[in-house]
Structure formats: structure tokens, C-alpha cells
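Report on the following structure.
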């Protein structure tokens, strides 16, 4: 049966497709973030891929938050990472799942509506001391709301990129400072071991008196 398409429905499909693509980019950025923060000293990329492929997105976010606190605790950077993890595990992921897995159609009034399906389709709630079965109905959702959600995900992606870059720059600087401090220490130690220069023409007694 042919589906009657409209400009609004086409816009909805494009907006939902954009959400799917951008969310995939966010998940991929989290994987790259983990490689830099958690596996920064790894020399076996195949092992990194094995670990990441066997770890769910939510678990990756949990690991990122915990290791970020170990790497750079009590910093503005860690606080920003924590905020991103909370958002991606909570409201952003919940909204993304609802947008992608619910049913979209036009109602008799010509509105684009979203019908919740799956785990949130029914609920048992208590009202006035009695339990009632709640069946979630349809909700009118303007295409602009989906487009606004896309912008939320895009902003989260850009924030992750910035936080990852900030960490890499900080880490390399810390390593460079450590290397320079080590080199300076070695030079000082070598300088201490070099015997003082002998002055030509001094007798043994003169050298003894000069000490």
C-alpha cells in the first residue's frame, strides 16, 4: 500500500535520520575518548577493539567517568566530563530511544504524533490510594522538536571533542614537563660529579690551602 507523503512527514524522516547519524557520531567519540583516557599507554590496538566491542555504551560512559576522575580529579575538566556522562546516560539517551523506537504517524487532525511503544507503553500507578493501569497514548510532536533534539546531540558531540582535546593537550604537557625535569636532574647530577678544574702553577700546598 502506497504511503501518502507530505512535506512535514519528509521533514520528520530527515530529522530522525539526522538524529540517528549524530548519535552514532557521539558513541564513536566516546570510544575515542576512552582510548585516550583509559588506554593511553596501550600498545595493542586489537585488544582495545576487543574491550570496546564487548562493552555497552552505558558501561563505556561509566568507565570514562571513573577513570577521568583518576586521571584528572577535582578539576573543571572532570566536572564537565561528569555532566556529559550524566546527560548521555539519562535524558539524552531516553529521548533518543523514544524518538527512534516509537511509532510516528499522522492523526485525524493532521498532526504528527508519536505513540510510545515498548517498556514505557504501559505502567501501573497509584492514585487516590488505588492502583491503576496506565496506557500511554499518543503525543503530538512538531518536527521542530526533533530538530531541536538533533542540536542537543550535536552540542554534546562538540563538547566531547573539546574535552578530549583538552585532556590530550594537558597529558602531553604533563609528560613533557616530567621528561624535562628528569633531564634537568640528570644534568645537575652529572655536574656534581665533575671534579673542579686544576689551576696550573699551583703547588700541592697551594691547592690544599685553596680548599
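Some values worked out for this structure:
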| quantity | calculated |
| --- | --- |
| In degrees, nearest ten, helix 7-37 long axis to first principal axis of the chain (Cα) | 30 degrees |
| Relative contact order of the chain, pairs being alpha-carbon contacts under 8 Å that are 6 or more residues apart, as % | 23 percent |
| Ellipsoid semi-axes in whole angstrom, largest first, where each is sqrt(5λ) of the Cα gyration tensor of segment 7-196 | 50, 19, 14 |
| On Cα atoms only, tilt of 76-89 relative to the major axis of the chain in degrees | 30 degrees |
| Residue 47-residue 101 pseudo-label distance in nm [points 7 Å out on the Cα-to-Cβ vector] | 3.5 nm |
| Structure-based [θ]222 nm, the chain - -39500 (n - 2.57) summed over DSSP H runs of at least 4, per residue, nearest 500 | -22500 deg cm²/dmol |
| Length released on extending from residue 194 to residue 133, taking residue separation times 0.36 nm less the Cα-Cα span | 13.2 nm |
| Nearest 10 degrees, 0 to 90: helix 143-193 Cα axis against the chain principal axis | 10 degrees |
| Ascending count of other beta-carbon atoms within 10 Å, so fewest first, for 188, 113 | 188, 113 |
| Cα shape, segment 23-88, gyration tensor, a/c 1.5 rule | oblate |
| Difference of contour (0.36 nm per residue) and Cα-Cα distance, residue 93 to residue 119 | 7.9 nm |
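Bear in mind these aren't lab numbers, they're just calculated from the coordinates by the rules spelled out. Quick caveat: nothing in here was measured; it's all calculated off a predicted structure. Virtual Cβ from ideal backbone geometry, glycine too; neighbours counted across all protein chains shown.
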